[in-house]
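Data first, discussion second: the structure below is written as structure tokens.
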Amino acid sequence: MALAPQLASFEQELRDAIDPTELQRHLEVFNRLQRLDGTEDERTSVEYIAAEMEKAGVRCDVLEYETFVSRPGPGRLEVIAPERFELPTRTRAFSPSTPPGGLEVEVVWVGSDSQNRGGMIFTHAGREEDFKSADLRGKAVLTTGGRPDGVMYAQQAGAVALIDVWPSDEDVLHEMTVSSIWGTPTPESASRLVRIPVMTVRHRDGQRVRKLLEQGATVKIKLEGEVFTGPERITQPIATIPGTVEQDRFLLVGAHIDSWYEGVTDNGTANAVLLEVARILATRREGLRRGVKFGWWSGHSQGRYAGSAWYADAYWEELHRGCVGYLNIDGPGCRGASVFDCRYTMAEMQSMVDQTVDDLIHAPANVRRPFKAADQSFWGLGVSSFSVYRMLPEDHPDRAIVGGCSGAWWWHSPEDLIDKVDLDLLTSDTGIYATLVARMCGGRVLPYETAPMARDFVSKLTEYQDAAHGGLDLSVALERARSLEGNLGELDRARDRLADGSDDARAETLNAGLLSLTRALNPVLYTEAGEFEQDPAIQLPMLPGLRRAKNLPEHERGTQERLFLETALLRQRNRVNHALRRANEEVEALLGRL
């Protein structure tokens, strides 16, 4: 859809106002600060951001909250049989310290060892069946599947420790967390706190131990590690630029402020982007129909997304009522990045992201649906998520199996310093983000294309019904999803008609209806826990409440396991059916008012 001339002019003005020297100035500050949660350097960075916003004339609230953080301490890992040698290692956040004097234990290999330098670390979770098929009782697991999923499976199988072998072969030890609990634990989720020590080793060191196992040796190790885990009070800054027309509505733009070491590209570059976009918007408020809030989240790395999760809890009603979208920014401006990977983008935001990347860069956006990571704490509220990332090509020499820094090997290591930044690329990325803010907040109507939401329902419902092999009837949900697709197609055409017109009353009716639609559909499409809780920090598919339909054929009819699973799926089916019925009714009523 063509942009209104006024909006096109506004976004061009924003891009022209970006100052690379301002971005560089901020990076030089972050390059001197190791921003672990709860440390003086993190507090210094929060104070710096608040001062910069005050200088720009932007209101900035420094919010203090108590949460549960974990900072890895020193670790030592030694092979003591059949030969003796020490391996460089790091402890993991949210794993417990070892007992006094350390832990001596036999090692067992679990899993495969695929070398895919272009893959993301989140795709290398351990497979449950691999852990179930091995005798792990009283032993330590050696695996490349040491994500929270794999640690959970190892615990359940009786392992007493886990050694995570990094899947790619860079010569660094990466920091990471092993908790599956999103944000601060509750009494219910606390049962998932990790109970076994977890450490990491480089790929080549892990292979050295694995080779001994393949030769038939009984391998014993001694591990010693210290990890601090407990409650702490930390802070995070939230800056607000109000809109001029829709006073209660705003776009939320977020980037985590904490880091491992200096973390210049994870996430100092994004912190600089937020500062610069806020600065250029501060004197150009007249172009904003809706407001913008900027959140520099603490508790991301050492709190497992605690800052954004706390904000979702503490400001639930404000977000539910008025947040028109969440733009998460992580790791822009990385040296060598050239391929777009617009993950964390929900269906209704895809067309805007596609068009923006094409308009500015003339490249495919490669949009992907969200997975549970990167401060995606707002799905339960129904808030629409979107993002733009640039990645290193898979054949780039700096590419590794990591979770950020555009896929570069320096992620979560002391090597993530200012020399890893391409300032020209960071300036270009800042222009993309400023443009997305303008398109979300400057147009008469919200830039959602809604029919793809229904298509996501149809696709996943069909997949789950087929996987259940007749064990779960999703025909009602499928019928309602297909009906919704037609209704939403009509709604999208009405939106196009209203976008450039002067009928503010109908535009407001449409915007309110679009927000109500996201609140009805997105919690069901992306969460299992629902509106007021957080799902685990593990990888879940869309319509996660129905994902276990594929497990039905594993259980005999009439068994206890089958009965329990059928009951859970029936309740989740009711949830899906209700959301689709509500959405159809709301859209039909909305079309009648437009």
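The values are calculated or read from the model by the stated rules, or taken from the named source; none is laboratory data. These figures come from a predicted structure and were not determined experimentally. Counting neighbours? That spans all protein chains shown, and the Cβs are built from the backbone with ideal geometry, glycine included.
Data for the structure
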item: Exclusive hit being crowded, with 24+ Cβ neighbours inside 10 Å, in a strand (DSSP E or B), touching a strand residue (DSSP E or B) at 6+ places or on another chain (Cβ under 7 Å) and touching a residue at least 40 places away in the same chain (Cβ under 8 Å), set 255, 270, 278; result: 255
item: Criterion: surrounded by 24 or more Cβ atoms within 10 Å (Cβ to Cβ) and either modelled with pLDDT under 95 or among the charged types (D, E, K, R) (or both) - qualifying residue of 359, 375, 313, 354; result: 375
item: So residue 413, is it in a loop (DSSP other than H, G, I, E, B), of a type in the set (S, T, N, Q) and either in contact (Cβ under 8 Å) with a residue 24 or more places away in the chain or over 30 Å from residue 483 (Cα atoms) (or both); result: yes
item: Checking residue 238 against (1) part of a loop (DSSP other than H, G, I, E, B); (2) touching an Asp or Glu at 6+ places or on another chain (Cβ under 8 Å), the condition it does not meet; result: (1)
item: Residues satisfying the stated conditions in segment 537-568, i.e. touching a residue at least 60 places away in the same chain (Cβ under 8 Å) and not in a loop (DSSP other than H, G, I, E, B); result: 546, 547, 549, 550, 552, 553, 566
item: Residue count for segment 453-480, restricted to those that are touching an Asp or Glu at 6+ places or on another chain (Cβ under 9 Å) and part of a helix (DSSP H, G or I); result: 6
item: One residue from 145, 73, 126, 111 being under 20 Å from residue 178 (Cα atoms) and in a strand (DSSP E or B); result: 73
item: Residue that is modelled with the lowest pLDDT, among those in segment 1-16 that are buried (at least 17 other Cβ atoms within 10 Å of the Cβ) and not acidic (Asp, Glu); result: 3
item: Some residue of segment 433-452 being part of a helix (DSSP H, G or I), acidic (Asp, Glu) and surrounded by fewer than 24 Cβ atoms within 10 Å (Cβ to Cβ); result: no
item: Flag if residue 206 is under 29 Å from residue 441 (Cβ atoms) and outside the structural domain of residue 322 (by TED's automatic domain parsing); result: no
item: Condition met for residue 204 (more than 26 Å from residue 408 (Cβ to Cβ), modelled with pLDDT of 95 or more and either not in a loop (DSSP other than H, G, I, E, B) or not hydroxyl-bearing (Ser, Thr, Tyr) (or both)); result: no
item: Conditions (1) modelled with pLDDT of 95 or more; (2) more than 24 Å from residue 379 (Cα to Cα); (3) not assigned by TED's automatic domain parsing to the domain that holds residue 279: number failed by residue 263; result: (3)
item: Answer from 85, 131 - the residue that is modelled with pLDDT under 95 and farther than 30 Å from residue 391 by Cα; result: 131
item: Within segment 393-403, tally of residues that are surrounded by fewer than 24 Cβ atoms within 10 Å (Cβ to Cβ) and in a loop (DSSP other than H, G, I, E, B); result: 7
item: Every residue from segment 382-392 that is in contact with an Asp or Glu (Cβ under 7 Å, 6 or more places away or on another chain), closer than 21 Å to residue 427 by Cβ and in a loop (DSSP other than H, G, I, E, B); result: 389, 392
item: Residue within segment 47-68 that is more than 26 Å from the chain's Cα centre (by Cα), in a loop (DSSP other than H, G, I, E, B) and closer than 15 Å to residue 271 by Cβ present; result: yes
item: Answer residue from segment 281-300, given it is among the small types (Gly, Ala, Ser) and under 23 Å from residue 433 (Cα atoms) and is surrounded by the most Cβ atoms within 10 Å (Cβ to Cβ) among those; result: 298
item: Those residues of segment 525-556 which are touching a Leu at 6+ places or on another chain (Cβ under 9 Å) and of a type in the set (Lys, Arg), in sequence order; result: 547, 548
item: Positions within segment 179-204 being of a type in the set (D, E, K, R) and either surrounded by fewer than 18 Cβ atoms within 10 Å (Cβ to Cβ) or closer than 21 Å to residue 300 by Cα (or both), in sequence order; result: 188, 192, 195, 204
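The rows are residues; the columns are (1) over 30 Å from residue 290 (Cα atoms); (2) in contact with a Lys or Arg (Cβ under 6 Å, 6 or more places away or on another chain); (3) in contact (Cβ under 8 Å) with a residue 24 or more places away in the chain.
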| position | (1), (2), (3) |
| --- | --- |
| 446 | no, no, yes |
| 461 | yes, no, yes |
| 469 | yes, no, yes |
| 493 | no, no, no |
| 505 | no, no, no |
